[in-house]
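Working notes for the structure below.
The values are calculated or read from the model by the stated rules, or taken from the named source; none is laboratory data. This one's a predicted model, so the numbers in the text were calculated from it and none came from an experiment. Glycine also receives a Cβ, built like all others from the backbone with ideal geometry; neighbour counts cover every protein chain displayed. Accessible surface areas use protein heavy atoms only, side chains included; no ligands, DNA or RNA. Shrake-Rupley method; radii C 1.70, N 1.55, O 1.52, S 1.80 Å.
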Amino acid sequence: MTRRKQVYEGEAKVMFEGPEPGTLVQYFKDDATAFNAQKRGTITGKGVINNRISEFLMTRLAEIGIPTHFVRRLNMREQLVRQVEIIPIEVVVRNVVAGSLAQRLGMAEGTALPRSIVEYYYKSDKLGDPMVSEEHITCFGWASTHDLDDIMQMSLRINDFLSGLFLGIGIKLIDFKLEFGRLYDEHDQMRIVLADEISPDNCRLWDVKTNEKLDKDRFRRDLGKVEEAYQEVARRLGILPEMAAGDVKGTPTVQ
Ligand SMILES: Nc1ncnc2c1ncn2[C@@H]1O[C@H](COP(=O)(O)OP(=O)(O)OP(=O)(O)O)[C@@H](O)[C@H]1O
Ligand SMILES: [Mg+2]
């Protein structure tokens, strides 16, 4: 087995150099953090499930013409992606009041928004990912106005598509976080693609009938049945069957 060079280790994933230049291997861990890493824990089997869920959602999005970094899933915990220059902005799309929006503006969680809201946060662990406006993003050169137009359009399209997809399996898409990156082709043409992951780690997903939370809020708020919630989302998406129970415990990162 060839030794792989680790490029980055984050809270939820490890990025390794991929087999070809311009590719990365994204390894999904069971580690979970919340509140800017003040709370830490493990969600057994999360890495396996998020790898599958993100593969599934990125593939569906590619089918409707959203460019993504996803190439293919390699195994239970790893996927091959195109290496991109990450735009240091977390894009949050909201359909229903929850989380920090409820906190900051003193609104009741669960209130439907009259229209979807897109928010931007500057990716900086040191600063605790502060919320920023388009003005800050363009002023500091993190992205151009044109980049932001693309990002906003893609984010709203992703929201429309995913809201429908989840509704079809009895789940309300309350809000979610996206990351985008710059990908350059052989002619040095740049395009913005969806990167990172889409999973219950970065979406709020509520059961349509019961409003039961099926996402990382179960971990953040100590609601219990965390593993079960991730499994339930995967089960409803129809992507659990081949999961071998043996791997849910996870293998140590092979380097
Ligand atoms: N295609 C890609 N090319 C390069 N970097 C990527 C790509 N997809 C995701 N990343 C980056 O890899 C890291 C994934 O690791 P993880 O999600 O564990 O990070 P994190 O702990 O959430 O930290 P961060 O604050 O950087 O997101 C993130 O920093 C993400 O921006
Ligand atoms: Mg992350």
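The table for this structure:
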read-out	value
Near-label residues of segment 186-207 by backbone N, under 16 Å of a point 7 Å along Cα→Cβ of Ser144	188-193
Hydrodynamic radius of segment 124-246 per Kirkwood, over alpha carbon pairs, in Å	16.9
Among Gln26, Gln153, Gln231, residue whose mean-square fluctuation peaks in a GNM of the chain (springs only between Cα atoms under 10 Å)	Gln153
Accessible carbon and sulfur surface of the chain relative to its total accessible area, %, 1.4 Å	50
Residue-span extension gain [Asp160 to His136] - 0.36 nm each, minus C-alpha spacing	6.0 nm
Distance violations [Cα-Cα > 23 Å] among Lys5/Lys39; Lys177/Lys216; Lys39/Lys209; Lys172/Lys216; Lys13/Lys177; Lys46/Lys126	Lys5/Lys39; Lys39/Lys209; Lys46/Lys126
Förster radius 22 Å - calculated FRET efficiency between Asn36 and Ser116, Cβ distance, rounded to 0.05	0.30
Leu74/Arg191 FRET efficiency (R0 25 Å; Cβ-Cβ; nearest 0.05)	0.55
Chain lengthening between Asp222 and Val7 when straightened (0.36 nm per residue, less Cα-Cα)	74.2 nm
